[in-house]
Amino acid sequence: MARIVVDPVTRIEGHLRIEAELNGGAISDAWSSGTMFRGIELILRGRDPREAWIWAQRICGVCTTVHALTSVRAVEDALGIEVPENANLIRNIIGASQYVQDHVIHFYHLHALDWVDVTLALKADPAKTEQLAESISPWPKSSRTYFKGIQDRVKALVESKQLSLFSSGYWGHPAYHLPPEANLLAVAHYIEALEFQRDYIRIHAVLGGKNPHLQTYLVGGMSTAMDPNEPQATINPERITFLAELASKAQTFVDQVYIPDVLAVASFYRDWFGRGEGLGNFLSYGDFPQGSVKDSARFYLPRGAIFNRDLSKVQPVDPANVAEYVTHSWYQYSDGDQNPKHPYQGETNPKYTGPKPPFENLQTDQKYSWLKAPRYQDHPMEVGPLSRMLVAYASGHQEVKDLVNGALAKLNAQPSALFSTLGRIAARAIEAQLMARQVSKWVAELGDKLGHGDLRVHNGEKWDPDSWPKEAQGFGFHEAPRGALAHWVHIEDKKIKNYQAVVPTTWNAGPRDAKGQRGAYEASLLKTPIADPERPLEILRTVHSFDPCLACAVHVVDAQGRCHSVLKAS
Amino acid sequence: MFPSNQTFTRALQQKGINRRRFIKFCTAMTATLALPPRYVAQVAAALEKARKPVLVWLQFQDCAGNSESILRSSHPSVLEVVLDLFSWEYHELVMAGAGHQAEAALERVVREEKGKFLAVVEGAVPLADDGVYCTVGGRTALDIARHVCPNAAATIAAGACAWDGGLVRAHPNPTGAVGISEAVPEANVINLGGCPQNPANTAAVLVHYLTFGQLPAMDQYHRPLFAYGRIIHDQCERRAHYDAGRFVQEWGDEGHRKGWCLYKMGCKGPEATFNCPSVRWNDGTSWPVKAGHGCLACASHRFWDVRSPFYERLPQVPGFGADVTAGEIGMGVTAAVAGATIVHGIASAIRDRMRTQPEAVPPQASNQPPKA
């Protein structure tokens, strides 16, 4: 048995390490480890809860905005604040546009190079590339002259012998199957998507002041003042027109570039509908309230859980059933590491017991990660676009059903094909298409409110901390692009006493629990064939299909407010 | 003005850049750097060199917000920065290679480009407990930083965490985090504070380096003057409202809708230096104050501990005609003008009362954050 180590896993956010055991050319076991820790929740203690979102947002700059939203929701829940409809609408627009932005970047810039061999683009015939492009999409940038220009650019790069970001790829790997023309098309769209994301995110600049790290959330609403007759109002008719234009362009890009590319790539890699299956348990908190955030029945994306791939039953979700293990994590619980703890009772005393760096291998039979292992009713769960789309599909969400069935028909595949590496990629693309439409709808709705003189963006009743109870605790959630995210806050004497976050990548990339149940990455890598252990492209394919975000995943808090003594590495 | 020979044109075409776009870019860069127009030719000449300088981007205790920010660079576009101007050979967030192939790429740069390459650092470096809080490829961040940064021609600290430890270093600093110049004192560092750094400034520093082979003029914190030499309050589009005593009193009130001054809502602009109001963000679209929220002073030293609580009004504000430089703010010489400001603040409050309904009780955060 050989052990493969991939560290750093690149084209992700944060620091992830995968160790895998190889037996007979396939993976027989795998371990996922987060190798960075900052302690942001500990830093949050003692601060003003109204500014917790500013700090918490820095948990991640890729999933920027998501922790800010979750944090204000947690504090609003604790203090019993309902935000005005406009604030909810603006939050929905920011959140939905983050899906589109994140999913496009993920597919083209973080994941595509697992499927696309850039060097093969040189062998493509630009005329045939034109034919291919026009056969799958009406997207106008499809002439042979255009593709020749892209090819020349790649050629110049290769001839310069300075390949930049592409210098260390697994080029020529036998698992690359795309014909040269598809590679050239993908390289062209890699470049176009870079331009797209830069352009589109101006939605966040308008509504958030800047991206990354938006700066317009408030406990009680948003700071984006609205006025139909004021040139200096953050939201006025001119800005609505601008937002609508960006939203419309994004729909076209997703419909005509992203979706056709995903379908085209998938058609050449059909064996990956049978790989990377993973846990088969899926969790979604649901999100995008249409009214109160407490009214989960009216969320645009539904709340629910699916167990054992059974799409005939969607179970209700209660956050009280979430608990975290540290049996294999570099933390210590005061009453032993065998039992999990709910976040309100959560404690996290960091205790590194791994090998002293520099090291070759982790002690994977012991503790091996800075991530905890969250469980729902003691089950490991997968979270993310696939979970959301499956829960929506199984709940009878008509738009999702139409989009999913349409994609499956084009790929000549059954719904069961979704339980796979490619299934995650397809679900993400479908979700981008769905949410790109919603952005347009919600922008129109906001414009409508503006026109009718509904200008409330903030509920200031509880802004003054003197109006707060002595003690309060709250739960805030968000379906972030990468999946189910929740913050739990405990406020005492107007300050944060305790803060805890359980984030998407902790669910997906977490280690084993006390029962030895694997996390989602670990389970999904089992049985994956590896053609070349020196270049484990197949591991990247499946791990990337989850869209890892490790900065999010590692966090700490100590419910008792103790200072931690950290043991030296042995 | 421009070298217009055949070779130059061909070189541009090979890079896939047409001449008009290239000149436009050089002009924009020259302007951002506040250089006289005659330098456009020099910028252009530097950019057409056959061999591109090599750059590596290291991520330590980070959130990748600075990496994302550079992806939003619009002039030059991220593609121009990454493919045309530099050979960007190591950057975990976006590089093709992974695992030991990625590590080998970094090793090769340190070995073969010693003293010539640029390093960008994002994120803090944890020093506590032998650095176990951040490892890449089984090595600690400190180990990697000590290996790479002193061998680079220059190291760019991108964002607050790489500059001074940022949020990771905020009280109680659980991991003993510091910025790169504290972790590796022998490195030649330029600090681009901000949370995140603004890609317009980072791109301008890179182009300055390409053009002149050295870093631009810097202040006492090793920040480039062109980006950090002016107080935000002095460049703010809401400044006229401050001078006229028109303040937002409550979120969403009439003043808020009309774009009045956010000083009473906790804005730190009067004590912060950055070119945020002029270059703005995301292709010049907006910046936080335009979007209705106060400035956090995110480009100031140790701003997380020093500038929070973020909703508490600054106790003393320079301005109202007082000519205070960024350097003086940095040295804490604000007291000299404080008296005048307090008078101004009171006067404007009285004016507000006379003009409108009784003033709402201003929000006062009653808790002080723990200081490091």
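The values are calculated or read from the model by the stated rules, or taken from the named source; none is laboratory data. Keep in mind the model is a prediction, meaning the values are calculated, not measured. A quick note on method: Cβ atoms are made from the backbone with ideal geometry, for glycine too, and the neighbour counts reach across all protein chains shown.
Only one of the numbered conditions (1) surrounded by fewer than 24 Cβ atoms within 10 Å (Cβ to Cβ); (2) within 11 Å of chain B (Cβ to nearest Cβ); (3) touching a Pro at 6+ places or on another chain (Cβ under 6 Å) is violated by A:THR119, and that is (3).
Rundown of residues vs (1) touching a residue at least 40 places away in the same chain (Cβ under 8 Å); (2) in contact with an Asp or Glu (Cβ under 9 Å, 6 or more places away or on another chain), yes/no style:
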{"residue": "A:VAL503", "(1), (2)": "yes, no"}
{"residue": "A:GLY516", "(1), (2)": "no, no"}
{"residue": "A:LEU525", "(1), (2)": "yes, yes"}
{"residue": "A:ILE539", "(1), (2)": "yes, no"}
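On the stretch given as region A:206-229, residues that are assigned to a loop (DSSP other than H, G, I, E, B), closer than 24 Å to A:PRO465 by Cβ and within 22 Å of the chain's Cα centre (by Cα) total 3.
Regarding region A:83-98, can at least one residue be identified that is part of a strand (DSSP E or B), at negative phi and not β-branched (Val, Ile, Thr)? Within region A:83-98, not a single residue is part of a strand (DSSP E or B), at negative phi and not β-branched (Val, Ile, Thr).
When B:SER181 is tested against (1) away from chain A (no Cβ under 14 Å); (2) buried (at least 23 other Cβ atoms within 10 Å of the Cβ); (3) of a type outside the set (Phe, Trp, Tyr), exactly one condition is not met: (2).
Among the residues of region B:214-224, is there at least one that is modelled with pLDDT of 95 or more, touching a Pro at 6+ places or on another chain (Cβ under 7 Å), closer than 30 Å to B:GLU80 by Cβ and not in a loop (DSSP other than H, G, I, E, B)? Within region B:214-224, one or more residues are modelled with pLDDT of 95 or more, touching a Pro at 6+ places or on another chain (Cβ under 7 Å), closer than 30 Å to B:GLU80 by Cβ and not in a loop (DSSP other than H, G, I, E, B).
Here A:PHE147 meets each of (1) over 18 Å from B:ALA96 (Cβ atoms); (2) part of a loop (DSSP other than H, G, I, E, B); (3) not hydroxyl-bearing (Ser, Thr, Tyr) with one exception, condition (2).
Within region B:250-284, the residues that satisfy the criterion of being part of a loop (DSSP other than H, G, I, E, B), buried (at least 21 other Cβ atoms within 10 Å of the Cβ) and facing another protein chain (nearest Cβ under 10 Å) are B:TRP251, B:GLY252, B:GLY259, B:TRP260, B:LEU262, B:GLY266, B:ASN282. When region A:263-292 is limited to residues that are buried (at least 21 other Cβ atoms within 10 Å of the Cβ) and of a type in the set (A, V, I, L, M), the one that is farthest from A:VAL439 (Cα to Cα) turns out to be A:LEU279. Does region A:104-111 include one or more residues that are more than 28 Å from A:TYR521 (Cβ to Cβ), touching a helix residue (DSSP H, G or I) at 6+ places or on another chain (Cβ under 9 Å) and modelled with pLDDT of 95 or more? Looking through region A:104-111, none of the residues is more than 28 Å from A:TYR521 (Cβ to Cβ), touching a helix residue (DSSP H, G or I) at 6+ places or on another chain (Cβ under 9 Å) and modelled with pLDDT of 95 or more. What do you reckon, is B:CYS161 of a type outside the set (D, E, K, R) and facing another protein chain (nearest Cβ under 9 Å)? So B:CYS161 passes the test.
Of all residues in region A:37-78, those satisfying the criterion of being facing chain B (nearest Cβ under 8 Å), in contact with a helix residue (DSSP H, G or I) (Cβ under 7 Å, 6 or more places away or on another chain) and within 27 Å of A:ARG518 (Cα to Cα) are A:ARG38, A:ILE40, A:ILE59, A:CYS60, A:VAL62. Scanning region A:235-265 for residues being under 22 Å from A:HIS204 (Cα atoms), polar (S, T, N, Q) and assigned to a helix (DSSP H, G or I) gives a total of 4.
In region A:167-184 there is at least one residue matching the filter, namely being more than 24 Å from the chain's Cα centre (by Cα), among the aromatic types (Phe, Trp, Tyr) and away from chain B (no Cβ under 11 Å). With respect to B:VAL121, determine if the residue is among the β-branched types (Val, Ile, Thr), within 11 Å of B:GLN61 (Cα to Cα), modelled with pLDDT of 95 or more and not in a helix (DSSP H, G or I). So B:VAL121 passes the test.
With the structure loaded, tell me whether B:GLY115 is of a type outside the set (A, V, I, L, M, F, W, C), in a loop (DSSP other than H, G, I, E, B) and more than 9 Å from chain A (Cβ to nearest Cβ) or whether it fails that test. The answer is yes for B:GLY115.
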